[in-house]
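Enquirer: Next up is a structure, given as structure tokens.
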Amino acid sequence: MSKQQCEICGQMKSQQEMSKSYKHRCKECVARLTRIERKAAKQKAEHLAEILEGTGYEVVSPAVVRNERLAVATAAMQGILSNDRLVNLVDRYNGGIENGVVKFALSITDKLLAEIDNKKGGSNAD
């Protein structure tokens, strides 16, 4: 069995001990670095939250933003797929139902979330 040197720790490891995502790093080092990065990100978010406390601003994690966007896009996709005429239009003009529905739902989602952000910012131009 061939061995490979980890670029982080420098040890010779078997292929099974090497990461599949990072070809020149062992699983042990990747796990250790991931833990360090997560801890640093958490500390940074906590520090930002402390700085912003009382200013009216809040720290929103990318995971929260992604989950909100996913929920809105899911609802948009359900609406699109429940309307046969809309599905036919999306299919005709966007290169297939799957690709078209996803593109259209994300477009609706992004426009809706941008409009909500505009309202939060105080712009009430109705």
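Enquirer: Quick check on the chain: helices-only [θ] at 222 nm, where DSSP H runs of length 4 and up contribute -39,500 (n - 2.57) each and the sum goes over total residues. Nearest 500, please. Provide the component values of the computation, followed by the final result.
Expert: On the way: 4 runs with 80 residues, N = 126.
Theoretical 222 nm ellipticity from helices: -22000 deg cm²/dmol.
Enquirer: Along the charge dipole of the stretch 28-126, pointing to its positive end and built from +1/-1 on Cβ of Lys, Arg, Asp and Glu, which listed residue (Val87, Gly54, Ala114) has its Cα farthest out?
Expert: The residue sitting farthest along the positive end of the dipole is Val87.
Enquirer: Okay, next question. Select from the chain the helices, each a whole stretch of DSSP H, whose alpha-carbon atoms run 15 Å or more along the helix axis and whose Kyte-Doolittle mean is at least -0.5; answer none if there are none.
Expert: Both cut-offs are met by 62-81, 97-120.
Enquirer: A further question on this structure: In what order, largest first, do Asp84, Asp117 sit by accessible area if the probe radius is 1.4 Å?
Expert: These residues rank, largest area first, as Asp84, Asp117.
Enquirer: At 25 °C and 0.890 mPa s, what whole-number value in µm²/s does Stokes-Einstein give for the translational diffusion of the stretch 27-91, with Rh from the Kirkwood sum over Cα pairs?
Expert: Numbers: Rh = 15.5 Å.
So the translational diffusion coefficient is about 158 µm²/s.
Enquirer: For Cα pairs less than 8 Å apart in space and 6+ apart in sequence, what is the mean separation divided by the residue count of the chain, i.e. the relative contact order in percent?
Expert: 12
Enquirer: Sorting Met77, Met12, Met18 by accessible area (1.4 Å probe), largest first, what list results?
Expert: In descending accessible area the options line up as Met12, Met77, Met18.
Enquirer: Name the GluC sites (Glu not before Pro) in the stretch 31-126 that are in a loop by DSSP and that have at most 11 other C-beta atoms within 10 Å, would you?
Expert: Filter output for the stretch 31-126: Glu53, Glu58.
Enquirer: If amide H atoms are built 1.01 Å from N in the plane of the peptide, which residues on other chains or at least 5 residues away come under 5 Å of the amide H of Ser19?
Expert: Here the answer is Arg25, Cys26, Lys27, since their amide H atoms fall under 5 Å of that of Ser19.
Enquirer: What's the carbon and sulfur percent of the chain's accessible surface, probe 1.4 angstrom, rounded to a whole number?
Expert: Numbers: 5360 of 10030 Å².
The computed percentage sits at 53.
Enquirer: With charges only on Cβ, +1 for K and R and -1 for D and E, what is the dipole size of the chain about its Cα centre, in debye, rounded to 20?
Expert: So the magnitude is around 780 debye.
Enquirer: OK, next. Roughly how many debye, to the nearest 20, is the charge dipole of the stretch 54-121 about its Cα centre, given +1 on each Lys and Arg Cβ, -1 on each Asp and Glu Cβ, and no other charges?
Expert: 80
Enquirer: How large is ³J(HN,Hα), in whole Hz, for each residue of the stretch 5-21 in order, when computed from phi with the Karplus curve 6.51 cos²θ - 1.76 cosθ + 1.60 and θ = phi - 60°, using x for Gly and Pro?
Expert: Each residue of the stretch 5-21 in turn: 8, 6, 6, 8, 8, x, 7, 7, 10, 6, 4, 5, 8, 8, 5, 7, 7 Hz.
Enquirer: Using the Kirkwood formula on the Cα atoms of the chain, what hydrodynamic radius do you get, in angstrom to one decimal?
Expert: It is 19.2 Å.
Enquirer: Name the residues whose placed amide hydrogens come within less than 5 Å of the amide hydrogen of Gln5, ignoring near sequence neighbours (fewer than 5 apart) on the same chain.
Expert: Under 5 Å from the amide H of Gln5: Lys13.
The values are calculated or read from the model by the stated rules, or taken from the named source; none is laboratory data. For clarity, every value in this text was computed on a predicted model and none was experimentally measured. Because the Cβ atoms are built from the backbone with ideal geometry, glycine has one as well, and the counts that use them run over all protein chains shown. Keep in mind that these areas ignore ligands, DNA and RNA; they rest on the heavy atoms of the full protein, side chains included. Shrake-Rupley method; radii C 1.70, N 1.55, O 1.52, S 1.80 Å.
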